[in-house]
Every structure is written in structure tokens, then in C-alpha cells.
Amino acid sequence: MTERKGYAGNGLVHVKNPHLDSMDEDVLYHFNLGTKTHNLPVMFGDVKFVCVGGSPNRMKAFAQLMHKELGLEGDGKDLKDICAGTDRYSMYKAGPVLSISHGMGVPSISIMLHELIKLLHHAKCRDVTIIRIGTSGGLGIDPGTVVITDIAVDSFFKAQFEQVILDNIVVRSTELDKDLVEELLNCSKEIHDFPTLIGHTMCTYDFYEGQGRLDGALCSFSNEKKLEYLKKAHDAGVRNIEMESTVFAAICGLCGLKAAVVCVALLNRLEGDQIKAPHEVLVEYQQRPQHLISIFIKKRLGLYNQMELLCIFPE
Ligand SMILES: O=P(O)(O)O[C@@H]1C[C@H](O)[C@@H](CO)O1
Ligand SMILES: O=c1cc[nH]c(=O)[nH]1
């Protein structure tokens with residue numbers, strides 16, 4: 001069974017659940033927010049960009065970067081975690097930009113997306129673009145390369161996400177917005193400090209055996225078999241591997257959100273499994289998708305100016 005995409009002309013976020021209408025309150029449990037306890041349209045009605053990533057610290061740093069880049073009032077350093085009442089996810093807001101952590105893996109991001117999309121719906125947000133800014137393992141690319149995902153694929157290189165619902169498997173499309181991919185690639189041309197490319201992203205259910213690593217607590221395959229699989233993935237167009245892109249693309253697509261995935265490669269998986277780069281190098285790598293997206297957002301808002309870029313990335 002397949003489902004259809006939810007893009008519509010009014011720019012509103014779609015929730016495709018008839019039961020929601022009959023609930024007198026919606027508690028967004030993992031955000032510690034709710035329709036009776038919080039005025040969601042006032043708190044979030046102006047949101048136009050949502051950026052998500054695994055780590056709470058990264059998403060706080062991104063909100064602080066956007067606070068500075070958008071020239072918002074006050075010291076972005078004291079931005080408050082909107083989800084401080086729970087330690088499941090962290091959420092920060094800088095003007096029209098919402099920055100949220102999603103933890104690791106499909107179940108964690110899936111729960112976050114259900115509550116985020118209901119939040120955007122209750123807040124009556126319009127024309128929202130959502131971007132995952134993450135880390136990944138590269139395939140045949142240099143560490144530090146930023147990959148803009150054209151197609152999110154599963155472990156069999158298929159552009160689909162299988163959701164188990166009751167005792168059925170529902171197959172969902174993982175198509176992403178092609179125009180957004182091109183727009184992001186154009187933004188990357190402004191940055192000369194690191195390579196950015198478009199490629200397929202493979203999403204797995206595990207970091208170790210699921211990504212063909214030899215260094216987990218369990219491993220039942222040889223180095224030859226691992227490389228055979230990874231090369232097959234590379235031949236199919238996969239340029240990086242992470243753990244959220246397929247469900248992210250599927251859910252956002254069904255709910256009418258324009259979505260993109262932009263992940264930096266921390267290593268080249270054809271050369272090894274362990275992530276050995278020094279901490280400061282890894283921190284700088286994680287900032288790369290953030291800088292690209294900050295340019296994208298500023299361009300969209302008509303706030304981008306080339307001179308400023310030279311200050312951020314002096315030649
Ligand atoms: O956004 P992050 O950096 O968490 O994305 C990848 C995929 C997993 O969540 C995690 C594994 O290290 O990193
Ligand atoms: O190899 C990697 C690195 C980061 N994230 C992943 O999922 N895999």
C-alpha cells in the first residue's frame with residue numbers, strides 16, 4: 001500500500017488525522033507543550049524555517065548563529081530551551097527560525113516530527129521549510145564534504161520508507177523537494193571553504209552492523225563483504241550514510257512541508273569505520289551545514305549580502 005504526497009496550495013501544514021478534530025486538548029508530551037497550556041499561534045505563528053539535527057548542543061549553537069545572522073535584538077547566548085520541561089528534545093527559536101534536536105535514529109526523529117507537525121498546525125504556520133542539518137559517514141568523498149540529499153534511500157538503495165502500522169507495512173515515498181536541492185546547491189557556491197555536492201543518502205536503523213561497520217560489539221561479516229556492500233551503495237549513487245533521512249522525507253512529504261537534508265561527512269567509509277578526527281575538527285565540520293543553511297535563510301529573507309560572507313569566511 002502506498003500513500004500520496006500532501007502538498008497543497010495554501011501553504012498550511014497538513015495533519016492527516018481525523019481524530020485530532022475531536023480532541024479538546026492536544027498534549028505534545030515530548031515537547032512539554034500543549035494546546036491548552038500554551039498559546040501556540042502566539043509562540044510559533046511566525047515560524048518559516050525549521051532546522052533539526054541529532055544533538056541538543058548543535059541545535060542551540062545553530063539558533064545562536066541565526067540570532068546573530070538575523071541581527072535579532074539581545075545576546076543570543078541567553079536563548080532559552082522552549083522544551084526545558086522535558087529532557088527528550090531541545091527547542092530554540094530565533095525570529096522565524098525554529099531549531100530542534102531529534103536524538104538518534106528513526107523512532108526518535110519520528111516521534112519529534114509527529115509533535116512538531118502538530119505544533120506547526122496548531123500554530124497555523126504557513127509556507128514552512130524544514131531542513132535536517134546532520135552528520136554522516138561519507139562514501140568515496142573527503143571528510144568534511146557537505147552532502148545535499150537528492151534522494152533518501154533505505155539499506156537496499158530503494159527510495160522508500162516502510163512504516164509498520166498495526167499489522168501492516170505501509171510504504172512511503174522518500175522524495176525530497178528538487179527545487180530546494182538546487183537552491184541549496186546555489187547557496188553553497190557562495191562558500192569556498194569546503195566542498196558541497198548533491199547525492200543519494202542512505203538511511204539505516206543502526207550505526208554499526210546496519211552501516212556495515214567492523215568495529216561494533218557484534219559483527220558477522222568480513223572486510224571484503226563490507227566493502228562489496230559499500231561499493232554497491234556507491235554505484236547506486238549513495239554518497240553518505242546516516243540514520244534519519246528516509247522517515248524525515250516521508251513524513252514531511254505527506255504533511256506538505258518542503259524538506260531538505262544537508263549532512264556533513266565525518267569520514268570516508270571506504271577508508272575506515274572509526275571516527276578519529278580531533279574534537280575541534282568535528283566541531284568545525286558540524287558547523288558547515290549550519291553556515292550553508294544560514295546563507296539560505298538569509299537569502300530567502302532578503303538579508304544576504306556578499307560582503308558579510310567575506311567576514312564569516314575570510315579568503
Ligand atoms: O544529526 P546527527 O549528527 O545525529 O546524525 C547522525 C545520524 C545519527 O543520529 C548520528 C550517529 O552518530 O549522527
Ligand atoms: O558514519 C557515520 C557518521 C555519522 N553518522 C552516521 O550515521 N554514520
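Scanning region 58-97 for residues that are among the β-branched types (Val, Ile, Thr) and under 20 Å from Thr129 (Cβ atoms) yields Ile82, Val97. When Thr135 is tested against (1) touching a strand residue (DSSP E or B) at 6+ places or on another chain (Cβ under 8 Å); (2) open to solvent by less than 20 Å² (accessible area, probe 1.4 Å); (3) within 16 Å of ligand 1 (Cβ to nearest atom), exactly one condition is not met: (2). Of the residues making up region 257-272, those that are more than 12 Å from ligand 1 (Cβ to nearest atom), open to solvent by 20 Å² or more (accessible area, probe 1.4 Å) and in contact with a helix residue (DSSP H, G or I) (Cβ under 9 Å, 6 or more places away or on another chain) are Lys258, Leu270.
Being touching a residue at least 12 places away in the same chain (Cβ under 8 Å) and either away from ligand 1 (no atom under 16 Å from the Cβ) or under 22 Å from Gly54 (Cβ atoms) (or both) is a property that holds for Lys231.
Could you look through region 183-234, keep only residues that are within 16 Å of ligand 2 (Cβ to nearest atom) and of a type in the set (Asp, Glu), and pick out the one that is surrounded by the most Cβ atoms within 10 Å (Cβ to Cβ)? Top of the filtered list is Glu209. Number of residues in region 235-256 that are away from ligand 1 (no atom under 16 Å from the Cβ) and open to solvent by 30 Å² or more (accessible area, probe 1.4 Å) equals 2. All of Gly237, Gly212, Gly253 fail the test of being among the small types (Gly, Ala, Ser) and more than 22 Å from the chain's Cα centre (by Cα), apart from Gly212.
Of the strands (runs of 3 or more DSSP E) that lie entirely inside region 90-155, those containing 1 or more residues that are more than 28 Å from Leu33 (Cα to Cα) and more than 14 Å from ligand 2 (Cβ to nearest atom) span 146-153.
Name the single residue that is nearest to Ile109 (Cα to Cα) among those in region 28-40 being open to solvent by 60 Å² or more (accessible area, probe 1.4 Å) and within 24 Å of the chain's Cα centre (by Cα). So, considering only residues that are open to solvent by 60 Å² or more (accessible area, probe 1.4 Å) and within 24 Å of the chain's Cα centre (by Cα), the one nearest to Ile109 (Cα to Cα) is Tyr29. Val171 satisfies every condition listed in (1) out of contact with any strand residue (DSSP E or B) (no Cβ under 8 Å at 6 or more places or on another chain); (2) away from ligand 2 (no atom under 16 Å from the Cβ) except (1). Pairing each residue of region 34-63 that is touching a residue at least 60 places away in the same chain (Cβ under 8 Å) with any residue that is away from ligand 2 (no atom under 16 Å from the Cβ) and aromatic (Phe, Trp, Tyr), provided the two are 6+ apart or on different chains, yields C-beta distances under 9 Å for Phe49/Phe296; Cys51/Phe62; Gly53/Phe62; Phe62/Tyr92. Here Glu284 meets each of (1) open to solvent by 30 Å² or more (accessible area, probe 1.4 Å); (2) within 14 Å of ligand 2 (Cβ to nearest atom) with one exception, condition (2). Filtered by the rule that a residue be more than 9 Å from ligand 1 (Cβ to nearest atom), open to solvent by less than 40 Å² (accessible area, probe 1.4 Å) and in contact with a Lys or Arg (Cβ under 8 Å, 6 or more places away or on another chain), region 51-72 gives Cys51, Ala63, Glu69, Leu70.
The values are calculated or read from the model by the stated rules, or taken from the named source; none is laboratory data. Predicted model, so just to flag it, every value in this text is computed and none were measured. All Cβ positions, glycine included, derive from the backbone under ideal geometry; neighbour counts span all protein chains shown. Keep in mind that these areas ignore ligands, DNA and RNA; they rest on the heavy atoms of the full protein, side chains included. Shrake-Rupley method; radii C 1.70, N 1.55, O 1.52, S 1.80 Å.
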